[in-house]
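J.: Before we start, here is the structure in question, set down as structure tokens.
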Amino acid sequence: MNILHISAECFPIAKIGGLADVVGALPKYQKKLGTTSNVVMPYYDNKFTESNSFEKIYENYIALGHEYFHFKVLKLTSNQLGFDLFCIDVPDLLFKDYVYSNDDTARFLAFQIATLDWLLTFEEKPDIIHTHDHHTGLIPFMMSHSFKYETLKDIPTVLTIHNAQYQGWFSHEKTHLIPPFNFEKVGLLDWDSNINSLAAAIKCAWKVTTVSPSYMEELKLQANGLENLLNHESAKCIGILNGIDWTVWNTETDEKLIKNYTTSNVISGKTANKKWLCKEFKLDIKKPLFVFIGRLVGEKGADLFPKIFKEALAENTISILLLGSGHKETEEALTAIPKENFNTFIGYNEKLAHIIYAGADFLLMPSRVEPCGLNQMYSLRYGTVPVVNAIGGLKDTVIDIDKEDGFGIVHNGVTVEKVTKAITRATEYYSDEKAFNKNLKNIMKIDHSWNNSAQEYVNLYKSLKN
């Protein structure tokens with residue numbers, strides 16, 4: 001079976017969020033199951049494309065309305081990713097030092113059209129086209145209804161929704177940018193009087209998945225305006241929990257760590273990494289270390305962080321370290337907090353993130369929205385206890401310590417009081433050294449690799465071919 005993933009992001013080429021991690025890992029695990037699974041993405045002007053070699057395998061021109069743009073298909077020459085990577089180079093639109101901007105309609109339309117134009121030249125077509133989020137959401141529609149793609153209409157399409165908050169809206173005035181189609185089908189593009197790329201994909205894809213079962217059910221109640229559509233299309237919708245790449249996230253082999261470790265020496269291993277962090281950020285190694293890694297945005301509960309951290313530090317003998325960036329007001333409020341038992345790294349650093357997962361005692365994820373969440377899976381893999389809100393994929397992956405087989409700290413709802421109480425519960429749990437240390441070994445054994453999820457996707461593909 002030949003699967004082609006089409007995405008705006010893919011780790012390690014271009015990463016803004018969890019979408020990149022999924023697209024960079026899922027094809028590798030699918031190949032282990034005997035499939036041919038490759039990736040198509042835009043060719044950006046970034047460190048990866050600058051430092052790696054690509055060969056041109058195709059070039060042509062695409063029409064975007066009345067304008068024509070030259071494009072090339074470039075293939076990564078090395079096999080370092082574990083799958084073939086193809087990049088669509090539209091120099092006038094895609095070759096930028098950023099992935100997203102305020103108006104990407106023309107950019108991602110060009111990417112999708114160029115991809116489909118290239119697919120028309122294939123002697124052997126893919127068995128499955130797997131699109132990801134709204135940036136590729138018009139592909140199922142164009143394959144089904146644009147006249148030039150008639151030969152592609154029988155290829156099954158799958159859409160995975162990684163985040164339904166962003167839907168790729170644009171005005172009907174730009175309908176002419178889409179390759180000509182039967183205009184009686186224009187309603188498939190529309191949602192709430194706009195062209196809505198994600199809505200079009202939900203309507204036209206053969207199957208729709210979300211990145212966790214709970215997120216699928218939550219979207220039927222709250223999906224930024226798409227609730228009715230998802231309920232209407234529920235028969236073809238399924239939630240499949242994301243996994244993490246155990247070849248990357250492996251405490252025994254992770255070259256980014258200060259000291260590697262396994263379940264047999266988890267205490268000494270984590271202590272060595274914690275010692276480095278505490279020295280680097282002037283924190284007390286004797287105190288339980290709570291960390292946050294991610295975007296400082298409302299979805300993550302970050303607007304409450306200044307108040308939460310001040311109260312938690314006042315009520316508990318703990319240290320807090322934050323790695324992330326986002327809303328400037330939140331960044332400024334956090335950097336203004338006194339540095340006693342608290343510190344921040346505003347920005348992102350992949351090596352530091354790995355050390356933090358290894359050295360921390362608790363990971364904070366008080367998310368208001370979390371379609372799947374990968375950070376809690378990374379923390380479990382590295383023996384760090386997650387403190388999470390019971391939402392989306394967090395609800396599917398973390399069981400509270402007070403429940404049978406529990407191993408994490410779970411709170412219901414995101415308020416300063418509820419998160420602070422969860423931190424206090426975690427601090428009390430930390431004081432029971434024997435139980436806490438035993439739990440670290442257990443959580444490192446929880447299998448959140450892509451093995452099971454990749455098989456679920458392959459089973460889904462096979463059901464579309466029967």
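J.: On a full-extension model of 0.36 nm per residue, what is the gain between Y61 and H327, subtracting their alpha-carbon distance, rounded to one decimal in nm?
T.: Extra length from Y61 to H327 when fully extended: 91.8 nm.
J.: What is segment 263-444's relative contact order, in percent, from Cα pairs under 8 angstrom and six or more apart in sequence?
T.: Rounded, it is 23 percent for segment 263-444.
J.: Would you list, by chain and number, the aspartates and glutamates whose Cα falls below 16 Å from the Cα of K438, excluding same-chain residues fewer than 8 positions away?
T.: D361, D400, D402, E404, D405, E428
J.: Next question, about the same structure. Just to confirm the filter: which chymotrypsin sites (Phe, Trp or Tyr not before Pro) across segment 104-202 are DSSP coil and have at most 16 other Cβ within 10 angstrom of their Cβ?
T.: Qualifying residues, ordered by number: F122, Y166.
J.: A further question follows. Assuming R0 = 25 Å, can you tell me the calculated FRET efficiency for the pair T415 and Y166, based on Cβ-Cβ distance, to the nearest 0.05?
T.: Rounded to the nearest 0.05, the efficiency is 0.45.
J.: Can you tell me the order of 303-311, 328-336 when each peptide is scored by its average per-residue count of other Cβ atoms within 10 angstrom, highest first?
T.: My ranking of the peptides, most packed first, is 303-311, 328-336.
J.: Please list, by residue number, every one of the GluC sites (Glu not before Pro) in segment 398-466 that is coil in DSSP and has at most 10 other beta-carbon atoms within 10 Å.
T.: Loop-located and lightly packed - E404.
J.: Between beta-carbons, use under 13 Å as the cut-off and find the net charge around A20, counting Lys and Arg +1, Asp and Glu -1.
T.: -4
J.: Expected output is a single nm value to one decimal: the length gained when fully extending between W246 and T271, i.e. 0.36 nm times separation in residues minus the C-alpha distance. What is it?
T.: Roughly 6.8 nm would be gained on extension.
J.: Next up: With everything on Cα atoms, drop me the angle between helix 451-465 and the longest principal axis of the chain, reported from 0 to 90° to the nearest 10.
T.: 20
J.: Continuing with this model, one more query. Rounded, prolate or oblate: which fits segment 404-466, taking a ≥ b ≥ c as square roots of the Cα gyration tensor eigenvalues, rounded meaning a/c under 1.5, else prolate when a/b beats b/c?
T.: oblate
J.: Once you have a ≥ b ≥ c as the square roots of the Cα gyration tensor eigenvalues for segment 240-365, tell me rounded if a/c is under 1.5, and otherwise prolate or oblate according to whether a/b is larger than b/c.
T.: Verdict is oblate for segment 240-365.
J.: Report for the chain the percent antiparallel among DSSP-assigned beta bridges with both residues inside it, nearest 5.
T.: In the chain, approximately 30 percent of DSSP beta bridges are antiparallel ones.
J.: Right, another one. Using the alpha-carbon atoms, what tilt in degrees (0 to 90, nearest 10) does helix 305-315 show relative to the longest principal axis of the chain?
T.: It is inclined by approximately 20 degrees.
J.: How many angstrom separate the Cα center of segment 49-127 from the Cα center of segment 225-240?
T.: 30
J.: In addition: Divide by every residue of the chain the summed helix terms, -39500 (n - 2.57) for each DSSP H run of at least 4, and state the resulting mean residue ellipticity at 222 nm, rounded to the nearest 500 deg cm²/dmol.
T.: Taken over the chain, the calculation gives -10500 deg cm²/dmol.
J.: At a Förster distance of 25 Å, what's the computed FRET efficiency of D45 paired with N102, Cβ-Cβ distance as r, to 0.05?
T.: Efficiency computed from Cβ-Cβ geometry: 0.85.
J.: Further question: If one takes the longest principal axis of the Cα atoms in the chain, at what angle in degrees, from 0 to 90 and to the nearest 10, does the Cα axis of helix 105-119 lie?
T.: The answer is roughly 60 degrees.
J.: Once you charge only the Cβ atoms, +1 for Lys and Arg and -1 for Asp and Glu, what is the size of the charge dipole of segment 41-143 about its Cα centre, to the nearest 20 debye?
T.: That gives segment 41-143 a dipole magnitude of about 80 debye.
J.: Further, regarding this structure: Using a cut-off of 16 Å between alpha-carbon atoms, which lysines can reach K75, once sequence neighbours fewer than 8 places away in the same chain are excluded?
T.: By straight Cα distance, K75 reaches K56.
J.: What is segment 263-444 by shape, rounded, prolate or oblate, if you read a ≥ b ≥ c off the alpha carbon gyration tensor as root eigenvalues and call it rounded for a/c under 1.5, prolate for a/b larger than b/c, and oblate otherwise?
T.: Verdict is rounded for segment 263-444.
J.: What is the ratio of the Cα radius of gyration of the chain to 2.2 N^0.38 Å, where N is its residue count, to two decimals?
T.: Normalised Cα radius of gyration, the chain: 1.01.
J.: Hey, which lysines would be in cross-link range of K434, C-alpha to C-alpha under 24 Å, not counting anything within fewer than 8 residues on its own chain?
T.: Partners within reach: K259, K270, K274, K275, K286, K287, K403, K421, K445.
J.: Under 8 Å for C-alpha pairs, at least 6 residues apart: give me the relative contact order for the chain, rounded to a whole percent.
T.: 12
J.: Among DSSP beta bridges whose residues both lie in segment 263-444, state the antiparallel percentage, nearest 5.
T.: In segment 263-444, DSSP labels about 0 percent of beta bridges as antiparallel.
J.: Counting alpha carbon pairs within less than 8 Å and at least 6 residues apart, what relative contact order, in whole percent, applies to segment 165-216?
T.: 36 percent.
J.: If you don't mind, there's one more thing I want to ask. Any idea how far apart N194 and E280 come out in nm if each label point goes 7 Å out from Cα toward Cβ?
T.: Between N194 and E280, the simple spin-label model gives 4.0 nm.
Every number in this text was worked out from the coordinates using simple rules, so none of it is lab data. Source: prediction; values computed, not measured. Here the Cβ is made from the backbone with ideal geometry for all residues, glycine too, and neighbour counts use every protein chain on show.
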